[in-house]
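Okay, structure first, notes after.
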Amino acid sequence: VVAIYRNGPGPLVLVRTEMDALPMEEKTGLPYASHVVTTWNGKASPAAHSCGHDIHMAAWVGTAQALLSMKSRWHGTLMFVGQPAEEITGGARAMLADNLYQRFGKPDVGLALHVGPAPTGTVSYRGGVNSSNSDSLEIVFKGKGGHGSTPSITIDPVMEAAHFTVDVQTVVSREKDPGAFGVVTIGAIQAGSAGNIIPDQAIVRGTIRSYDGAVRDKLLDGVRRTAAAAAAMAAAPAPDVKLEVGGRAVVNDQGLADRIGAVFHTAFGDKAQVAPGPGPQSEDYSEFILAGVPSLFFGIGGYSPEHIAAAKARGEVLQANHSPYFAPDPEPAIRNG
């Protein structure tokens, strides 16, 4: 979705929100909890805004309403972009490939935000690197199926997948600089149909995150080598290794961060904070920046002080993004955004 509002001469400002959800069940128990079922990877799956994109969309609409209500106080053009597929880091690239800037103009400035488990009213921002690179992995380990009682006449791809899942962490702990950020997370292993059947393949899916290009290359190479080694150890055929480039690191414009940061401090006082370092999460807003638009991507808090105090009193850890229990407090979070 691209919405344009022209209000005389002046800068073209991009304001972006994501519109996608996650293939997971929401377990918050809230009256407005998602009960949507969709299709993901060819199978029925629940879907929920467990990353907070519903907060972002509501704040985005509210921002448009606020700006139009005060249009006598500013001049220029607004480009409000509702972007799909941020969670699979393909939506921004697809919109650019569909000639977003050529059709609607190249923005002079871009803005986007993300809600998190910080107190409502807080705003966090920084110039320079703001988030991590993100790549995805999908590895198909091949075997020879058979009965669970006679593994000696099979090649067990589940064991290959298990060895890979454990051994790939040595790339993180032993091959990269211990002071450099790098994470390999295996989020899904799919194999077999019954406990007494050895299947003929196992599929492993995960993500690879880093800030630095050299670290990224080392992790990607390590994933390939470890997968090949796990298969070789089992005397199995070489696995099919698929590595896909995902979201690249969001790098905020330092001058813009300084300029807008001053506005944040005027508006929010000591609740506006300069983030001490980049976050480990990934975000494909970077594609808009890499296509030539200086931007500021910043964070807002999602939990009210009362919510935080109640969780602390119960000895509970606040649920963060991608948890099935992630439930920002709507009114203060949206208003702040």
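The values are calculated or read from the model by the stated rules, or taken from the named source; none is laboratory data. Just so it is clear, the model here is predicted, and its values are computed rather than measured. Here the Cβ positions follow ideal geometry from the backbone for every residue, glycine too, while neighbour counts run over all protein chains shown. For the accessible areas, the whole protein counts, side chains as well, though only heavy atoms, and no ligand, DNA or RNA atoms are used. Shrake-Rupley method; radii C 1.70, N 1.55, O 1.52, S 1.80 Å.
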Original post:
Leaving out ligands, DNA and RNA, what percent of the accessible area of the chain is carbon and sulfur, probe 1.4 Å?
Top reply: 58 percent
Original post:
In what sequence, highest mean first, do 259-271, 323-335 appear when ranked by Cβ atoms within 10 angstrom?
Top reply: 323-335, 259-271
**OP:** Run the quick spin-label model on VAL263 and HIS75: label points 7 Å from Cα toward the beta carbon, then report their separation in nm to one decimal.
**Re:** 1.7 nm
Subject >> Distance from the stretch 195-262 to the stretch 267-303 (C-alpha centre basis), Å >> reply: 23 Å
Subject >> Degrees, to the nearest 10: 213-233 long Cα axis against longest axis of the chain >> reply: 20 degrees
**OP:** Report the Stokes-Einstein translational diffusion coefficient (µm² s⁻¹, integer) for the stretch 50-156, Rh taken as the Kirkwood radius over Cα pairs, at 10 °C with viscosity 1.306 mPa s.
**Re:** 84 µm²/s
Original post:
In whole Å, how far is the Cα centre of the stretch 134-148 from that of the stretch 68-93?
Top reply: 41 Å
Subject >> Helix-only [θ]222 nm of the chain, DSSP H runs n ≥ 4, -39500 (n - 2.57) each, per residue, nearest 500 >> reply: -8500 deg cm²/dmol
Subject >> Residue among GLY179, GLY121, GLY187 with the largest mean-square fluctuation in a Gaussian network model of the chain, springs linking Cα atoms under 10 Å >> reply: GLY179
Subject >> Relative packing of 165-172, 134-141, which averages over residues the other C-beta atoms within 10 Å, highest first >> reply: 134-141, 165-172
Original post:
Where does helix 157-167 land angle-wise versus the long Cα axis of the chain, in degrees 0 to 90, nearest 10?
Top reply: 60 degrees
Original post:
Hey, which lysines would be in cross-link range of LYS176, C-alpha to C-alpha under 24 Å, not counting anything within fewer than 8 residues on its own chain?
Top reply: LYS218, LYS242
**OP:** Please work out how much length the chain gains when fully extended from ARG335 to GLN102, using 0.36 nm per residue of separation minus the C-alpha to C-alpha distance, in nm with one decimal.
**Re:** 80.6 nm
Original post:
On average, how much area does the Cα convex hull of the stretch 211-327 cover when viewed from any direction, in nm²?
Top reply: 12.0 nm²
Subject >> Ratio of the Cα radius of gyration of the stretch 177-227 to 2.2 N^0.38 Å, where N counts its residues >> reply: 1.51
**OP:** Grab the Cα-Cα distance for SER193 and VAL37, subtract it from 0.36 nm times how many residues apart they are, and report the gain in nm with one decimal.
**Re:** 53.8 nm
Subject >> the stretch 214-264 pair-distance distribution - Cα-Cα, 5 Å bins, rounded % >> reply: 4, 15, 15, 13, 10, 9, 8, 7, 6, 5, 4, 3, 0
**OP:** Hey, can you find the accessible area per residue of the chain for me, probe 1.4 Å, expressed in square angstrom?
**Re:** 50 Å²
Original post:
Once you wrap a convex hull around the alpha carbon atoms of the chain, what is its projected area averaged over all directions, in nm²?
Top reply: 20.3 nm²
Original post:
What nm value, rounded to one decimal, do you get for the distance between ALA214 and LEU68 when each label is placed 7 Å out toward the C-beta?
Top reply: 5.1 nm
Original post:
Tell me, in nm to one decimal, what length is gained between GLU316 and HIS147 on full extension, where the rule is 0.36 nm per residue of separation less the Cα-Cα distance?
Top reply: 56.4 nm
Original post:
Which residues in the stretch 85-120 have a backbone N closer than 16 Å to a point placed 7 Å from the Cα of SER45 along the Cα-to-Cβ line?
Top reply: 85-91
Subject >> Mean separation of Cα contacts under 8 Å, 6 or more apart, over the residue count of the chain: relative contact order % >> reply: 27 percent
